[in-house]
Each structure stands twice: as structure tokens, then as C-alpha cells.
Amino acid sequence: MCLRSLHLLRALLVSLCALYLVFTAFNATAHAAGNPIQITSQTDTVIFPKSIDFHMSAVDSSSTIVQANLYIASDDSTKSIQNAPHGANFRHARTITVDYHDDISGNNFITPGTPMQYYWILQDSAGNTFTEATQYFMLLDSRFSWQHVTQGQVTVNWYNRSPAFGQTLLVDASSDINRISGVLGSGLTHPINLWVYETPDDFHGALAPNSYEWVGGIAFPTLSEAFISVAGTSDTTLIRDMPHELTHLVFHQLTAQGILAPTWFDEGLAVYNQQYHEPEMAARLDEALASHTLLRLSNISFNFPADADSAYLAYAQSWNLISFMYSTFGQPKMARLIQLMNNGNSDFSDDLTKAIGEDTLHLENQWRISLHQSSVLTSVDQPTATTQPLTIPPDQLPGTANSTEPFFVSIGLFLIVIPLCGIVFITINERRKRQRLLVAQDAQRILDIAFSQPVPNQPSGSPLWSDGTRFSYSPPSPLSPSKPATGERLAEYPEFLPYKEYKEYPQQGQQKQAPQE
């Protein structure tokens with residue numbers, strides 16, 4: 001095919017595709033324009049923390065609207081309402097007004113700052129269906145009138161204070177983000193929101209029911225937002241809680257592709273990046289060290305205790321451990337560890353080994369020893385400090401058996417061989433006895449037959465054999481070693497007594513079984 005023909009074929013295919021797309025778009029437009037159902041207005045009103053009220057008006061130019069379903073979706077990971085249809089009650093007519101009340105209280109709680117989306121699907125009596133375009137909004141804490149200011153990827157939200165207050169918080173938050181990014185090895189990858197409440201009561205009112213009362217700040221990494229309570233620009237919250245929660249947001253963005261980090265590591269990083277640490281936290285750690293009651297890392301890897309005092313200790317020792325890691329292994333290795341954690345196929349302990357050369361158990365042990373606490377490793381796990389690895393081939397390694405082993409092996413063999421030899425000897429001896437007994441019985445029968453049949457015309461006193469030959473018989477001398485060939489011999493020599501079966505292993509009672517371990 002020539003080059004000119006190839007170009008013509010390509011041009012023809014492009015033209016056909018363009019005609020198809022135009023035709024499809026025209027049909028879709030005509031269908032939309034020809035749909036008799038149209039939504040004329042719709043609103044969504046958040047009444048936090050009670051409900052979201054949806055209002056919608058629609059008109060049908062040809063038939064009666066008989067059905068209206070509302071589909072609501074939330075990006076809040078704590079509440080699954082994706083594509084949930086909500087049927088609305090209304091009077092069937094060609095022009096309708098529909099209201100739907102979505103309860104978000106109690107177990108239906110939705111965190112403020114959660115992105116929301118919804119759409120309506122309507123149907124009339126003629127079978128026509130109309131699907132409205134998806135609407136988007138953010139569920140806000142509607143108890144307050146929020147003000148906002150943004151710089152880079154950080155947005156600060158506040159209420160009841162001057163714009164200067166918000167600007168001060170923004171500068172402080174941006175400075176914290178830069179400092180934290182240097183500690184962790186990298187910074188934010190997408191925007192975050194910081195919601196600043198005026199009082200602790202306002203702050204706790206934004207949390208889900210049954211939240212811990214001792215919580216002073218909270219981060220929601222999946223929503224890229226954090227809540228704190230700040231009384232004023234000189235409040236210690238700005239140098240304690242704000243950098244703490246911002247650390248959570250930065251850290252979780254840097255490890256978003258990996259598995260969930262251990263709680264002690266996550267919270268330890270957050271406390272480590274605080275610019276203020278209350279003396280009570282260090283005192284609580286000292287108390288645990290004095291009483292040797294540190295919490296094991298395995299007990300604070302998934303969450304912290306609900307008890308306020310135990311939780312406080314968990315924060316204190318997590319902070320101390322992270323400080324130990326930075327001072328012992330250095331910031332570059334810690335940044336490398338965080339980088340390795342951004343992998344869903346990795347394990348935290350393996351990441352530790354790759355980054356700092358210690359797995360979780362050995363890290364915990366090394367840290368505890370530095371604090372003069374007891375070891376958490378068994379003797380098998382303990383490394384040998386002075387012993388170098390041997391290079392001797394395995395087949396040349398010296399034996400590790402006990403010196404008494406040959407003696408006990410010899411005794412064991414002796415106790416096995418001797419009984420076996422005894423059994424063989426008894427078996428052979430009994431077989432010989434049975435053979436001798438059979439021979440004696442045959443001889444006795446022959447003698448009995450011979451003496452019980454007298455030969456005719458023979459003088460008495462000398463018995464004859466069956467062929468007529470006479471033999472002489474005289475009793476043996478008392479000094480003669482021979483024995484009379486009569487039945488008395490059988491009684492005289494017990495070895496000729498009839499064979500009796502000897503049971504070497506008589507039946508014994510069933511032995512008790514050892515208990516299972």
C-alpha cells in the first residue's frame with residue numbers, strides 16, 4: 001500500500017470517529033433537553049451536630065412524579081454511607097417539593113470538615129427517569145461563623161477573634177510545618193486544614209460521642225485536618241498541641257502508601273516535635289523508671305490506654321524512646337526509616353532493621369538498658385558482645401555432649417542386651433527339654449509294649465524281644481550312675497516333668513498415662 005493511500009485511510013477513520021462522537025453528543029443533548037423532569041432548586045443545610053436537611057423542588061412537564069430518591073456519600077472513614085438511597089415522602093404531582101432530614105447525631109456522627117456529596121434521582125408515572133448532577137459541600141461545625149486564611153498548603157480556620165489572630169496562627173503553623181518537615185525528612189504533599197476552637201468545651205463539642213475527656217487536640221489524617229483549642233496568642237497550646245497535631249498530618253502524608261505505624265512511634269514523633277513539654281510528663285516517666293513499670297511497646301502499638309494516667313505514661317515513654325532514636329541513630333537514618341514506611345508491602349520491624357540496624361524487640365531492649373531497666377530479651381535473643389563468629393566448618397565443630405553420656409549409653413546397651421540374651425537362652429533350653437521329654441516318652445512306650453506281651457513256650461523270668469531274642473536284665477548297683485528305665489525316673493528327675501508354659505510377662509494392670517503438657 002502506497003503512503004498516499006495510507007494517509008487517506010487514516011483521514012477516513014478520523015472522520016468517522018468524529019462523526020460518531022458528534023452524533024452521540026447530539027443524542028445526549030436532545031435526550032436531556034427532551035426529559036420532561038427537571039429540578040428547579042435544591043439546598044443542603046447542616047445543623048451540627050444534629051442533622052443535614054436537604055430541600056429539593058422539581059417539575060414534570062408531561063406526567064406525575066411518583067418517586068424521589070436521595071443518594072448521599074461521605075468521605076468520613078468512620079461512617080460508611082456511600083451510595084445509600086434515601087426515599088423521600090411527598091405528594092405525587094407534576095410539581096413537587098421534597099424535604100429529607102438526615103440524622104448525624106449519636107452513632108451517625110460525622111466529623112466536621114468532612115467532604116460530602118449527594119444527588120437526586122426522580123421518576124414519573126410514564127417511566128421517565130431523571131438523575132441530577134452530583135452536588136458537593138463540606139460539613140462544617142455550624143455552631144460558629146468561621147473565618148479562614150491560607151498560605152501555601154496550610155489553611156487556618158477560627159471564629160470570634162480578629163483577623164490578626166488568625167494571621168498569627170497561620171505564621172506559627174507554617175513555621176511549625178517547616179521545622180517538622182526538616183525533622184521527618186520531607187513535608188506536606190497536599191493541603192491541610194487547622195480548626196482552632198476558642199474553649200475546651202467548644203473543642204469537645206466537635207468530637208464524636210464518648211471521646212476521651214483528656215484529649216486536648218486531635219488530628220484526622222484521612223481528612224487532612226486537625227482540631228485544637230487556643231485561648232490566646234500566648235497560650236502554651238500553640239507551642240505544644242499545634243506542632244503535635246501538625247506532626248501527625250505531615251507524618252501520615254509521608255507514609256500514606258504504607259501500613260499504619262505503631263501508635264508509640266506516631267505519638268512519640270508528635271511529642272518529640274512539640275516546643276513545650278510540661279514538667280509533669282517527665283515526672284511521670286521518672287516515676288515509672290523508679291518503680292520499673294514501663295509499658296511494653298507491644299501493649300502500646302495499636303492504641304494507648306483509655307485510663308488517663310496510663311495514657312500519659314504512654315506519651316511520656318514514647319517521647320523518650322523517639323528522642324533516644326534520634327540521638328543514637330541520627331536524623332538521616334530516621335528520615336530513611338520514615339521513607340521506607342511509605343510502602344504497603346513492608347513491615348515496620350523490617351523497616352527499622354533496614355534503616356537503623358535494629359528490629360523492634362532489640363530496639364526496645366537497647367533503649368530500656370540505657371534507662372537501667374530490665375532486659376526484654378531471653379538468653380537466646382541476647383547478642384554476645386565479645387564472641388566473634390566462628391569459621392570452622394560444621395563437620396569439624398567440637399561436640400557439645402555431656403561427659404557422662406558414654407557411661408549412660410553403655411549402661412543402657414547393657415540393660416538391653418542382657419535381657420535379650422536371657423530370653424534367647426531360656427527359649428533354647430525349653431526347646432531342648434521338650435525334645436528330651438518326647439524321647440523319654442517314646443522309650444517308655446517301647447518298654448511297656450515289650451514287657452506286656454509274653455512269648456509262648458519261653459521260661460519265665462527272662463523277657464524276650466519281639467523277635468524272640470532273650471536279654472538279661474539286672475537292677476543297677478547302688479553305686480552305678482545309671483538310672484532304672486522305668487516310670488520312676490520320670491518322678492525322680494524334675495527336668496523330665498511335663499512341660500509347663502512359662503509366661504515371662506504376666507498380665508499387669510494398665511499403667512497410668514502421663515498428663516498432657
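As a summary of the residue check, LYS333 satisfies the conditions (1) without any contact (Cβ under 8 Å) to a residue 60 or more places away in the chain; (2) over 20 Å from LEU254 (Cβ atoms); (3) of a type in the set (D, E, K, R) except for the one numbered (2). The C-beta contact set for segment 177-201 (first residue under 14 Å from TYR272 (Cα atoms), second residue surrounded by fewer than 17 Cβ atoms within 10 Å (Cβ to Cβ), distance under 6 angstrom, 6+ apart or interchain) comprises SER181/GLY187. In this entry, THR293 is excluded by the filter for residues that are assigned to a helix (DSSP H, G or I) and among the β-branched types (Val, Ile, Thr).
Scanning segment 303-330 for residues being assigned to a helix (DSSP H, G or I) and either touching a strand residue (DSSP E or B) at 6+ places or on another chain (Cβ under 6 Å) or of a type in the set (Phe, Trp, Tyr) (or both) gives a total of 6. Name the residues in segment 288-306 that are modelled with pLDDT of 95 or more and surrounded by 13 or more Cβ atoms within 10 Å (Cβ to Cβ), would you? Answer for segment 288-306, where residues must be modelled with pLDDT of 95 or more and surrounded by 13 or more Cβ atoms within 10 Å (Cβ to Cβ): ALA288, LEU289, LEU294, LEU295, LEU297, SER298, ASN299, ILE300, SER301. Given the structure, is GLY187 closer than 30 Å to GLN331 by Cβ, in contact with a Ser or Thr (Cβ under 6 Å, 6 or more places away or on another chain) and not hydroxyl-bearing (Ser, Thr, Tyr)? Criteria met by GLY187. Whenever a residue of segment 358-374 is within 15 Å of GLU287 (Cα to Cα), its partners that are part of a loop (DSSP other than H, G, I, E, B) and of a type in the set (Ser, Thr, Tyr), lying with C-beta atoms within less than 8 angstrom and at least six residues away or across chains, give the pairs ARG368/SER374; ARG368/SER375.
Conditions tested, residue by residue: (1) small (Gly, Ala, Ser); (2) surrounded by fewer than 20 Cβ atoms within 10 Å (Cβ to Cβ); (3) at pLDDT 95 or above; (4) within 32 Å of the chain's Cα centre (by Cα).
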residue: GLY152; (1), (2), (3), (4): yes, yes, yes, no
residue: ASN160; (1), (2), (3), (4): no, yes, yes, no
residue: PRO163; (1), (2), (3), (4): no, yes, yes, no
residue: VAL171; (1), (2), (3), (4): no, yes, yes, no
residue: SER174; (1), (2), (3), (4): yes, yes, yes, no
residue: LEU188; (1), (2), (3), (4): no, yes, yes, yes
residue: TRP214; (1), (2), (3), (4): no, yes, no, yes
residue: GLU225; (1), (2), (3), (4): no, no, yes, yes
residue: PRO243; (1), (2), (3), (4): no, no, yes, yes
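The values are calculated or read from the model by the stated rules, or taken from the named source; none is laboratory data. Keep in mind that this is a model prediction, so the values were computed, not measured. All Cβ positions, glycine included, derive from the backbone under ideal geometry; neighbour counts span all protein chains shown.
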